[in-house]
Amino acid sequence: MFFKKLVAAALLTGAGLAQAFAPQAGTWIVTSEMDGKPGRGFGIDVQNSTMVMQMYAYESSGQSTFYLAVGEVIDNKVTASLNKYNGGRYFGSGARSGTDAGSAGNVSIRFTSGTTGFIKFPNEGEIAISRFNFGYGAVAESLRGFWTLNSIGSEGLQSDLVELSKNLGATANGNGLMANAGETFGCEHQVRGSLAGNVLCAKINGSGQLLRTYVLIYSVNEGEGYSQASATSTQQSLQVRRITTPKGVGTGLFYKDAEQGSGPSALRQQIEHISRFGMTQ
């Protein structure tokens, strides 16, 4: 269950969230094989419920090769034939079509979140896999840029669009609070306490009053988690999207946040209080 870690670790109260998620498209790796040296890996893309996996690997002779698997994802699991092809177009050649060279066997994947899971290749046991995140470390500057945060639940749709542009320094349990220009919205990687491993965000008004809290995990440009308006309100399922990189390069649409607010101290106090004590009335 993707939200199990978040819900178990959070000090916030509220109902559990739906378990629906889709594997994040991009480059995936066998987690235990990530050593910085050439190896095997695969690209995964799921559209609707159809998964396409392209894998680069090696023959027993050491010759590099690739495979293609296509299958239906049902209940976060998929099994498909790992097919091999040869005789296709090479650099500088004319038009050539590859031919089916048979199957190495079935590959089975069970996704445990949008960025993690387990895979079983032919003739191997099940091993952990993860979305390959090579561009963003769990540091304050990785949060810089424009973000959209959309949550849905019993309160209906709640949306926020912010530009995180000011590093206000680390709070008690974090490693650097990145806030908007008006210092009414801020997010921070939590490195200590019950929310360690998550990103904690808070939205306040001009008087420093807490309006909404967000707890999430993100990878590259997408994130998931929950939001909550108060200690007694139910949790809303949260989807997060990065709109620009820390250098201002758009990952999609581009927006501007010109919200003005109350100052850094109120935002810092809210982040520190939530990370240490949870939400209070």
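Taking first residues from region 152-180 that are under 20 Å from Asn205 (Cα atoms) and partners that are among the small types (Gly, Ala, Ser) and open to solvent by 60 Å² or more (accessible area, probe 1.4 Å), the Cβ contacts under 9 Å between residues at least 6 apart in sequence or on separate chains come to Glu163/Ala258. Gly105 satisfies every condition listed in (1) in a loop (DSSP other than H, G, I, E, B); (2) at positive phi; (3) of a type outside the set (Ser, Thr, Tyr) except (1).
Of all the residues in region 231-246, those that are within 27 Å of Asn167 (Cβ to Cβ) and touching a Phe, Trp or Tyr at 6+ places or on another chain (Cβ under 8 Å) number 6. Residues in region 65-98 that are assigned to a strand (DSSP E or B) and exposed (fewer than 11 other Cβ atoms within 10 Å of the Cβ): Ile74 only.
For the residues Leu164, Leu168, Leu177, the requirement of being over 20 Å from Gln236 (Cβ atoms) and touching a Cys at 6+ places or on another chain (Cβ under 7 Å) singles out Leu164. Of all residues in region 189-230, none satisfies the criterion of being acidic (Asp, Glu) and under 14 Å from Asp160 (Cα atoms). For region 133-169, the tally of residues that are touching a Leu at 6+ places or on another chain (Cβ under 6 Å) and either of a type in the set (A, V, I, L, M) or in a strand (DSSP E or B) (or both) stands at 6.
Where strands (runs of 3 or more DSSP E) sit wholly within region 176-281, those with at least 1 residues that are surrounded by 16 or more Cβ atoms within 10 Å (Cβ to Cβ), touching a Lys or Arg at 6+ places or on another chain (Cβ under 8 Å) and modelled with pLDDT under 90 occupy 210-219, 222-228.
Note on region 115-125: residues that are closer than 24 Å to Gly26 by Cα, open to solvent by 40 Å² or more (accessible area, probe 1.4 Å) and assigned to a loop (DSSP other than H, G, I, E, B) total 2. Within region 70-87, the residues that satisfy the criterion of being touching a residue at least 40 places away in the same chain (Cβ under 8 Å) and farther than 11 Å from Ile119 by Cβ are Val73, Asn76.
Just one of the numbered conditions (1) open to solvent by less than 50 Å² (accessible area, probe 1.4 Å); (2) under 24 Å from Ser165 (Cβ atoms); (3) not charged (D, E, K, R) is not true of Asn133: (1). Looking only at region 99-114, filter to residues that are open to solvent by 30 Å² or more (accessible area, probe 1.4 Å) and under 19 Å from Thr31 (Cβ atoms); which one of those is farthest from the chain's Cα centre (by Cα)? Ranking the qualifying residues of region 99-114, first place goes to Ser108.
I'm trying to understand the selection: among the residues of region 189-200, which are within 15 Å of the chain's Cα centre (by Cα) and at negative phi? Before you say what the answer is, go through the steps one by one.
In the first step, residues of region 189-200 are kept if they are within 15 Å of the chain's Cα centre (by Cα); the result is 189, 197-200.
Selection gives His189, Asn198, Val199, Leu200.
The values are calculated or read from the model by the stated rules, or taken from the named source; none is laboratory data. None of these values were measured; they are calculated from a predicted model. Don't worry about glycine lacking a Cβ; one is built from the backbone with ideal geometry, like all the others, and counts go over all protein chains shown. Side chains are part of the model used for accessible areas, which takes the heavy atoms of the whole protein and leaves out ligands, DNA and RNA. Shrake-Rupley method; radii C 1.70, N 1.55, O 1.52, S 1.80 Å.
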